[in-house]
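Undergrad: Structure provided below as structure tokens; questions to follow.
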Amino acid sequence: MSAVLLGAVLGVALQLQQPALWSPLAYQALLLSGIVGGFLAWWRGRESGQSWRCWLAALAAAMLMAGVTGLRANERLRLVLPPALEGQELLLQGYVSGLPRVGARGVQFEFEVESARWNGLLVDPPGRIQLGWWRSEDDGQVLNPPDLLPGQRWELLARLQRPYGLANPQGLDLELWFWEQGLLASGSVRTGKKQPPPRRLPGQASEPVAQARAAVRAAIGQAVAQPRAAGVLAALVVGDQAAIDATDWEVFRLTGIAHLVSISGLHVTMFAWLAAALLARCWRLLAWAWPGLLLRWPAQPVAAVGGVLLAFAYAVFAGWGVPAQRTVLMLALLTTLRLAGLRWPWPVLLLAAMVAVLLLDPWALLQPGFWLSFVAVGVLLASSWLGQEEASGLRAWWLGLLRTQLIVSVALAPLTLLSFGQLSIVGLLANLLAVPWVSVVVTPLAMLGVIWSTLWRLGAWCVELMTGGLELLARLSWAAIERPELPASLALLTLLGAVLLVLRQPWVTRCWGLLLVWPLMAWAPARPAPGEFELLAPDVGQGGAIVVRTARHTLVHDTGPGQGASSAAQRVLLPLLRVGGDRLDLLVASHDDLDHAGGLSELLRQHPRAELWASYDTRRAAGRAARFCAAGQRWSWDGVAFEWLNPRADAVAGLSDNELSCVLLVQGAKGRVALLTGDIGLHQEARLLEEKPELRADLLIAGHHGSASSTGAAWLDALRPSWVLIQSGHLNRFGHPAPELLKRLSERDIRWHASPQCGAASWQSANPDHVECWRQRHRHYWQTQAVAGRS
């Protein structure tokens, strides 16, 4: 059985590595081969005890799971929005599905499409999609989205696109998330006087679970006056993690208790235990009225089965996430084995639960939460602490909690750093205080508030008390450490070392664990050699941001679009700097546009010692003044020369923000040059060529995201770049990169890449003829395919 289960997991893992799907016929053949192999392993097993049967059974299970996953992926890909309809306005009819998420800009919701029309013609509906209904303004009139509820039927106009997300070395794989959720397109509702208004249709679709969740969430919002506390209670009861404030998420992340405010295995297990205890008590009370009840159906198995069923209902009500799935399946397996009088070894039990989760959602295997959840349970089982009989009493319970938290914290540290690049140092203390508080106090109050709403107000007070204490811990300078991403081989060794540290083994054996864990703190990624530099153009959407690394220094030129938790600085740049182990030395805001300087305050908050340069007054946005990037200023890092080329200090009057862009020239010791241009236009390009006729560049960042009014013919003829990188957003409303620019590049046989097709682009002065595209190097079949740049 162990071989079969392990083979099934490996089969899913191998299928998920495919850059492109095979034909359905190929997966059907793979599935048939798995069935034949499984039959042979079973049939020969009746006659022989040879060990090769285990290998054959494992191979058969791998082929079966890979075939099933491939067929499911082909069916899902068939339903994705056709490329011809991407960017088009479709008249959709359907109903709101799931729980709408209300934010500052409007509401985001899932929409089950029943029919779709394009220019009056019926087209195949894209199925389940994600829509945003944003607050807008038309002729001075503010148009707010209505209060959407699950099951409401609507006719609305929407512009759709295939699922698409930014592609960078670290951060959320949004396309994988869309694929896993079964969302086949995304878009926004079109409103305004020029579009037909959205129309509520009669009738109601059947969405009982989502409607109940929405009703409970609304009741929490009405009962609790504090929005932050209401968000935490809604997350605990209905699994609405989007209700938690972004500031609170930052506190929970720094203190390592984010798992407590989502529907985790701890909450589901506690719910099952409480439900089983209550059922057992009620069943015994019923036995007084029906004396033969306990003889026919004993209280213990009834309570166990009922607890699992009620835990399943709670997990479905709370969103049915991977931790909840794993816990329910584990509880169901344990209950079934106990009732059958069987006892499986813990690895078999863990693998069986893993395979059951993958049968429901094979793409969960690629989520960090999947591995964190299963590794935590596996380590506890292997360390012999889980299920061990303990002495009764508060002291014994506290010592057991301390041991459990210490084991999990040590064992999961490498996996946490590998997944998120950050590890909470105060997490052990925070969890020792928060786990009993959330489990014994906050969560029961949140759940029982469904019956008596007054308990929600008491629960909100408890949440505020907990959050206040956690904020004090999060403010400590050493609250969390950041480490660069480990290579897979070193990550595996450190995970093995962490497991050795918590196993019940002699201390001589555990010392080997310390040795294996050492790379976690000592390893650092390779930096460019002295005199060389590396340039990374992250995929930040419609905006600009460049990271330049030398042997011992790091510079960020522009911070990308957006502000706050949704900014490119938070979603892309800060994770990138963590992965690379970078300490930011110099930060540049080339000009005062949100698509270039939106994340300025976030980056400075995380890297307060960074030197700040800009072409405008940054005191309001960043809280501190910047040095002016006047042309002619130079400095050198590790044998690499830096020089400002624009703007001129004596000619800034009357210039627009774009014309004031800080233009930076970076030159290595061997003469390789990269030119970072911001949003300068043709006029500034002509002036720079007049002042510096000798100017050349091996790598050029296209001005103004590839607009037609930048990167002109004379500029390209003079610079003669080998590569041009264009930072623009997927299907952006400006049409960047402009066809005129692409024609100029084609006429001069200049190689180029644009971020929608390339993702994060990396170039090294030591290897100037090559640009590495993250999206092309890490291609998967669920990604939106686009025409690549010329290379």
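The values are calculated or read from the model by the stated rules, or taken from the named source; none is laboratory data. Remember, it's a predicted structure, so these values are computed and weren't measured experimentally. Note: ideal-geometry Cβ built from the backbone for every residue, glycine included; neighbour counts use all protein chains shown. For accessibility, only protein heavy atoms count, side chains too; no ligands or nucleic acids. Shrake-Rupley method; radii C 1.70, N 1.55, O 1.52, S 1.80 Å.
Undergrad: Wholly within the range 713-791, which strands (runs of 3 or more DSSP E) include no fewer than the required count, namely at least 1 residues that are closer than 26 Å to Arg696 by Cβ and among the acidic types (Asp, Glu)?
TA: The strands (runs of 3 or more DSSP E) meeting that bar are 767-773.
Undergrad: Related question: Just checking, does the range 499-522 include any residue being at pLDDT 95 or above and either open to solvent by 20 Å² or more (accessible area, probe 1.4 Å) or over 25 Å from the mean Cα position of the chain (by Cα) (or both)?
TA: No, that holds for no residue.
Undergrad: Please count how many residues of the range 639-662 are assigned to a loop (DSSP other than H, G, I, E, B), among the acidic types (Asp, Glu) and in contact with a strand residue (DSSP E or B) (Cβ under 9 Å, 6 or more places away or on another chain).
TA: The total comes to 1.
Undergrad: Residue by residue through the range 602-636, note down the ones that are hydroxyl-bearing (Ser, Thr, Tyr) and either crowded, with 19+ Cβ neighbours inside 10 Å or under 22 Å from Gly654 (Cα atoms) (or both).
TA: Within the range 602-636, Ser615, Tyr616, Thr618 qualify.
Undergrad: Out of the range 531-575, which residues are closer than 14 Å to Gln727 by Cβ and in a helix (DSSP H, G or I)?
TA: Result: Ala568, Val572, Leu573.
Undergrad: Report, by residue number, each residue of the range 1-13 that is in contact (Cβ under 8 Å) with a residue 60 or more places away in the chain, under 10 Å from Ala58 (Cα atoms) and either part of a helix (DSSP H, G or I) or out of contact with any helix residue (DSSP H, G or I) (no Cβ under 8 Å at 6 or more places or on another chain) (or both).
TA: Ser2, Leu5, Leu6, Ala8, Val9
Undergrad: Ok, one more. I'm checking my understanding of the structure. Among residues of the range 14-49 that are assigned to a helix (DSSP H, G or I), open to solvent by less than 30 Å² (accessible area, probe 1.4 Å) and within 30 Å of His778 (Cβ to Cβ), which one is modelled with the lowest pLDDT?
TA: Here the answer is Gly34.
Undergrad: Then there's this: Residues in the range 761-784: is at least one in contact (Cβ under 8 Å) with a residue 60 or more places away in the chain, open to solvent by 40 Å² or more (accessible area, probe 1.4 Å), on the phi < 0 side of the Ramachandran plot and among the basic types (Lys, Arg)?
TA: Checking the range 761-784: at least one residue is in contact (Cβ under 8 Å) with a residue 60 or more places away in the chain, open to solvent by 40 Å² or more (accessible area, probe 1.4 Å), on the phi < 0 side of the Ramachandran plot and among the basic types (Lys, Arg).
Undergrad: Among the residues of the range 66-120, which ones are in a strand (DSSP E or B), of a type in the set (A, V, I, L, M, F, W, C) and more than 29 Å from Pro227 (Cβ to Cβ)? Break it down into steps so the answer makes sense when it comes.
TA: Step one: list which residues in the range 66-120 are in a strand (DSSP E or B), which gives 89-102, 106-118.
Next, from what is left, pick out any that are of a type in the set (A, V, I, L, M, F, W, C): 90-92, 96, 99, 102, 107, 109, 111, 113, 116, 118.
Within the range 66-120, Leu90, Leu91, Leu92, Val113, Ala116, Trp118 meet the criteria.
Undergrad: Still on this model: Which residues, counting only those in the range 218-229, are buried (at least 23 other Cβ atoms within 10 Å of the Cβ) and either of a type in the set (Phe, Trp, Tyr) or part of a helix (DSSP H, G or I) (or both)?
TA: Once the filter is applied, which keeps residues that are buried (at least 23 other Cβ atoms within 10 Å of the Cβ) and either of a type in the set (Phe, Trp, Tyr) or part of a helix (DSSP H, G or I) (or both), the range 218-229 yields Ile220, Ala229.
Undergrad: Here's a follow-up. Among the residues of the range 88-125, how many are of a type outside the set (A, V, I, L, M), open to solvent by less than 60 Å² (accessible area, probe 1.4 Å) and out of contact with any strand residue (DSSP E or B) (no Cβ under 6 Å at 6 or more places or on another chain)?
TA: Number of matching residues: 2.
Undergrad: When both residues are 6+ apart or on different chains and their Cβ atoms are under 6 Å apart, which pairs have a first residue that lies in the range 632-646 and is closer than 17 Å to Gly671 by Cα, and a second that is of a type in the set (A, V, I, L, M) and open to solvent by 50 Å² or more (accessible area, probe 1.4 Å)?
TA: Gly639/Ala669
Undergrad: Looking only at the range 654-672, which residues are open to solvent by 10 Å² or more (accessible area, probe 1.4 Å) and within 20 Å of Trp613 (Cβ to Cβ)?
TA: The answer is Leu655, Ser656, Asp657, Asn658, Glu659, Leu660, Leu665, Gln667.
Undergrad: Please tell me if Arg72 is open to solvent by 50 Å² or more (accessible area, probe 1.4 Å) and touching a residue at least 12 places away in the same chain (Cβ under 8 Å).
TA: When the stated conditions are applied, Arg72 passes them.
Undergrad: Please verify whether the range 50-65 includes one or more residues that are modelled with pLDDT under 90 and part of a loop (DSSP other than H, G, I, E, B).
TA: Taking every residue of the range 50-65 in turn, at least one turns out to be modelled with pLDDT under 90 and part of a loop (DSSP other than H, G, I, E, B).
Undergrad: So, one more: When you go through Ala313, Ala303 one by one, which is the residue that is more than 28 Å from Leu429 (Cβ to Cβ) and either open to solvent by 20 Å² or more (accessible area, probe 1.4 Å) or under 22 Å from the mean Cα position of the chain (by Cα) (or both)? Full working, then the answer.
TA: Values: Ala303 fails: either open to solvent by 20 Å² or more (accessible area, probe 1.4 Å) or under 22 Å from the mean Cα position of the chain (by Cα) (or both).
From the options Ala313, Ala303, the qualifying one is Ala313.
Undergrad: Tell me, yes or no, whether the range 276-292 has at least one residue that is surrounded by fewer than 20 Cβ atoms within 10 Å (Cβ to Cβ) and closer than 30 Å to Gly70 by Cβ.
TA: Among the residues of the range 276-292, not one is surrounded by fewer than 20 Cβ atoms within 10 Å (Cβ to Cβ) and closer than 30 Å to Gly70 by Cβ, which makes the answer no.
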